[in-house]
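Q: Questions regarding the structure given below will be posed in turn.
The values are calculated or read from the model by the stated rules, or taken from the named source; none is laboratory data. Bear in mind the structure is a predicted one, so any value in this text is a computation, not a measurement. Cβ coordinates were reconstructed from backbone atoms using ideal geometry, including for glycine residues, and neighbour counts include every protein chain displayed. The area values use the complete protein model at the heavy-atom level, side chains included, leaving out ligands, DNA and RNA. Shrake-Rupley method; radii C 1.70, N 1.55, O 1.52, S 1.80 Å.
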Amino acid sequence: MLTVRLYMLQRVTALLMAPLVVGHIGVMIYAVQGGLSAAEILGRTQGSVFWFSFYGLFVLAVSVHAAIGLRTILHEVTGLSGRLLMFFTWGTALSLCVLGMRAILAVTFLVRGVS
Amino acid sequence: MNSPIKTRHVAVWRGEGEIGHFETYDVPAYDNQTVLDVVSHIQHYIDPSLSYRFACRVGMCGSCAMMVNGEPRWTCRTHVNKVVGQDVLEIAPLRNLPVIKDLATNMDPFFEKWVKAEAVHHSSSSRDDDMTAVLPNDAERKKADAGIECINCAVCYAACDTVAGNADYLGPAALQRAWTLYNDARDAGKQTILEAVSGVGGCHNCHAQGGCSHYCPSELNPMQAIAGLKQAATRALLKGKL
Ligand code: SF4
Ligand code: SF4
Ligand code: FES
């Protein structure tokens, strides 16, 4: 169920995710080791275009990558194909995207006045 | 043949189509006995209605493949002593193909996929042209040579889990032949081949776990051929040619 295009999309998103995952883990270690409080973290992420782009790209890459991977597994395990498989692929990608973007917006733009 | 040492209990799949069961036969065990010898013994001396397929008996025709103790093998070149663990010998029709009767499978889907993969010759010249030179040391020729000794036995096809899960998947043998033709100086169908192997059942579905290469009795490496196709298709896509 993988055409050359889906295959390439999955490879490209994997390439994007590799440095982003390393960056994410680095940030987590820094935040935990440095003993940053939630308020301090939010203080740095709110209004930050950089963190919005960093995690925004991450969420997009994850959504595409995971949707294609799950699509392959679902097809090979259950035989699901055609329209249903397409709905599943798009549904997974969009759900992951919405969930991820919601979280990013919450820490970069929407949350105000946490102290 | 030397005298029998003992009797072997052999479980053989019997049935028509997908419905059937294992039946056990007692077959005299000899040294240097192949799995095909065992099957032939049953058919000659115990039950002449047993259906199976073979031709050359020397590993050339590719018609005798079966599942032996759950693994795909060319039975004419598989010594029983090498595959029998705890004295159990179980022989079944080749996996991933519809069963006609007993040990004989319908190989149509296997060969139809060769055509779907454009693993057919696309002629580049007519009888009036000079013959294309095939240079043995040419890099492309070496890639083609690595896969041309395929005997079409479908052992790799039976070993492939992607074939089992994805009915459209063209499979290792068809893709390998497409790759040998892609690298053949006499073949004019490079683009046609790449298009054929880049769709929903194409080379990109291969999980590259190498079951095909592990079981290929001719010791070919279809997985590597498929990797070559993936690379060529990727390049073509990046150049906007796919
Ligand atoms: S390497 Fe690819 S073609 Fe070979 S058995 Fe695995 S999935 Fe099938
Ligand atoms: S590649 Fe090997 S296992 Fe597959 S059909 Fe050819 S000879 Fe048989
Ligand atoms: S009978 Fe021909 S390959 Fe086994």
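Q: Using modelled backbone amide H atoms (1.01 Å from N, in-plane), which distant-in-sequence or interchain residues come within less than 5 Å of B:Ala65's amide H?
A: The list, which skips near neighbours in sequence, is B:Thr75.
Q: What base-10 log of the normalised intensity I(q)/I(0) is obtained for chain B from the Debye formula, alpha carbons as equal point scatterers, at q = 0.11, 0.13, 0.16 Å⁻¹?
A: Computed log10 I(q)/I(0) values: -0.63, -0.81, -1.08.
Q: Further question: Listed highest first by mean packing, meaning other Cβ atoms within 10 Å per residue, what order do B:40-52, A:51-63 come in?
A: Values: B:40-52: 14.7, A:51-63: 18.3.
Put in order of decreasing packing, that is A:51-63, B:40-52.
Q: B:Glu18 versus B:Ala188, label points 7 Å from Cα toward the beta carbon: distance in nm?
A: Modelled inter-label distance: 4.4 nm.
Q: Could you work out [θ]222 nm for chain B from helices alone, using -39500 (n - 2.57) per DSSP H run of at least four and dividing by all its residues? Round to the nearest 500 deg cm²/dmol.
A: So the calculated ellipticity at 222 nm is -8500 deg cm²/dmol.
Q: Straight-line reach from B:Lys116: which aspartates and glutamates have a Cα under 19 Å away, not including same-chain ones fewer than 8 places off?
A: Excluding near neighbours in sequence, the set is B:Asp108, B:Asp168, B:Asp184, B:Asp187, B:Glu195.
Q: Work out the P(r) tail for the stretch B:202-242: percent of alpha carbon pairs separated by more than 15 Å, whole number.
A: Details: 368 of 820 pairs.
Counting every Cα pair in the stretch B:202-242, those more than 15 Å apart make up 45 percent.
Q: Considering only protein heavy atoms, what per residue accessible area in square angstrom results for the protein assembly as shown with a 1.4 angstrom probe?
A: On the way: 18920 Å² over 357 residues.
I get 53 Å² per residue for the protein assembly as shown.
Q: On a straight-distance basis, which lysines could pair with B:Lys239 in a cross-link, Cα separation under 21 angstrom, same-chain partners fewer than 8 positions away excluded?
A: Hits, sequence-local ones excluded: B:Lys190, B:Lys230.
Q: For the stretch B:6-105, just say rounded, prolate or oblate: build the C-alpha gyration tensor, square-root its eigenvalues into a ≥ b ≥ c, call rounded for a/c under 1.5, and beyond that prolate if a/b exceeds b/c, oblate if not. Working shown, then result.
A: Numbers: a/c = 1.43, a/b = 1.18, b/c = 1.22.
It comes out rounded by the Cα gyration axes.
Q: If R0 is 45 Å, what FRET efficiency do you get for A:Met28 and B:Gln209 from their C-beta distance, rounded to 0.05?
A: Working: r = 33 Å, r/R0 = 0.73.
Plugging the Cβ-Cβ distance into 1/(1 + (r/R0)^6) gives 0.85.
Q: Please tell me the relative contact order of chain B in percent, rounded to the nearest whole number, where contacts are Cα pairs under 8 Å and at least six residues apart. Please list the in-between numbers first.
A: Numbers: 443 pairs, mean separation 41.3, N = 242.
RCO, chain B: 17 percent.
Q: Then there is this: Leaving out ligands, DNA and RNA, what percent of the accessible area of the stretch A:4-110 is carbon and sulfur, probe 1.4 Å? Walk me through the numbers before you get to the answer.
A: Values: 4900 of 6370 Å².
Reported share for carbon and sulfur atoms: 77 percent.
Q: Sticking with this structure for a sec: From the Cα trace of the protein assembly as shown, what convex hull volume per residue do you get, rounded to a whole Å³?
A: Numbers: hull volume 77.3 nm³, N = 357.
Given the Cα convex hull of the protein assembly as shown, per-residue volume reads 217 Å³.
Q: Would you mind putting A:24-30, B:208-214, B:159-165 in packing order, based on average other-beta-carbon counts within 10 Å, highest first? Write out the running numbers ahead of the final one.
A: Values: A:24-30: 11.3, B:208-214: 17.9, B:159-165: 21.7.
Result, highest mean Cβ count within 10 Å first: B:159-165, B:208-214, A:24-30.
Q: With n ≥ 4 as the cut-off for DSSP H runs, can you work out [θ] at 222 nm for chain A, using -39500 (n - 2.57) per run divided by the number of residues, rounded to the nearest 500? Working shown, then result.
A: On the way: 4 runs with 92 residues, N = 115.
Using -39500 (n - 2.57) per qualifying helix, the result is -28000 deg cm²/dmol.
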